1. Averaged across orientations, what area in nm² does the convex hull of the alpha carbons in segment 125-193 project?
2. Along the charge dipole of the chain, Cβ charges K/R +1 and D/E -1, which of I159, I116, T136 sits furthest on the positive end?
3. To the nearest 20 debye, what charge dipole does the chain have about its Cα centre, counting +1 at the Cβ of each Lys and Arg and -1 at the Cβ of each Asp and Glu?
4. At E99 and F133, where each label point lies 7 Å from the Cα along Cα→Cβ, what is the point-to-point distance in nanometres?
5. State the percent of C-alpha pairs, over all pairs in segment 1-152, separated by a distance greater than 27 angstrom.
6. Given springs between every Cα pair under 10 Å in a Gaussian network model of the chain, which of T134, T77, T167 has the largest fluctuation?
7. Select from V19, V34, V126 the residue farthest towards the positive end of the dipole of segment 1-143; place +1 on Cβ of Lys and Arg, -1 on Cβ of Asp and Glu, and compute about the Cα centre.
8. Hey, can you rank 4-11, 43-50, 18-25, 180-187 by average C-beta count inside 10 Å, highest first?
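All of the numbers you see were taken from the coordinates with simple rules; none came from a lab. In this text the structure is predicted, and so the values were computed from the model without any measurement. Glycine gets a Cβ as well: all are built from the backbone with ideal geometry, and neighbour counts include every protein chain shown.
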Amino acid sequence: MRRVGVFVCHCGTNISATVDVEKVAEAAKSMPNVVFAMDYKYMCSEPGQGVVRDAIKEHNLNRIVVASCSPRMHEPTFQKTLDSAGLNPYLLEMANLREQCSWVHTDKEKATQKAIDLVRMAVAKVSRNYELFTSTIPITKRALVIGGGIAGMQAALDIADSGYQVTLVEREATIGGKMAMLDKTFPTLDCSA
Ligand code: SF4
């Protein structure tokens, strides 16, 4: 059973000046699978992350939506928060209320409505998320370059100069590609071959 928690961030006034964050948290409470929603001043702060951890335990949450800034900024932060609370870090979705909403709008009513829609989408997405696990696979540090034209030859040389073994494959009897068919090249009139 999905038990989604939604955490709406003020980001000081970065979000709350343009988005009615209390209203967004209130609207989230009636979304499917949501059992807990709240707003908080600075969600990424240590106390903010503590609030998420406590709510996971207290309300037995198994899916989290953080409605704050871009995932580029803080997705790893909140993934670690989930991990430290015993939840798989991929059971997190972020709704970007800052870069994609408060920073690009001025009409508070419309921005708030858009923020509610963004949260609704994140809740729908996280409800379908499965646990994911990272794994490490050993790789062989050798390269295969297909095509012995000028680009293939240069790529093979660059990789070899970086210290890796390269195999260059060419379907014709000779390498050089189109370049080898030319006589001279502009502007130096060097012999192409
Ligand atoms: S989580 Fe993002 S939006 Fe919230 S306070 Fe931190 S930087 Fe600002």
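1. Details: hull surface 38.2 nm².
Orientation-averaged projected area of the Cα hull: 9.6 nm².
2. It is I116.
3. Numbers: 22 positive and 21 negative charges, 107 e Å.
Charge dipole, the chain, about its Cα centre: 520 debye, nearest 20.
4. My value for the distance between the label points is 3.2 nm.
5. On the way: 3199 of 11476 pairs.
Summing the P(r) tail past 27 Å for segment 1-152 gives 28 percent.
6. The residue with the greatest mean-square fluctuation here is T167.
7. Positive-most Cα among the choices belongs to V126.
8. Numbers: 4-11: 25.5, 43-50: 15.9, 18-25: 22.2, 180-187: 9.2.
Going from most to least packed, we get 4-11, 18-25, 43-50, 180-187.
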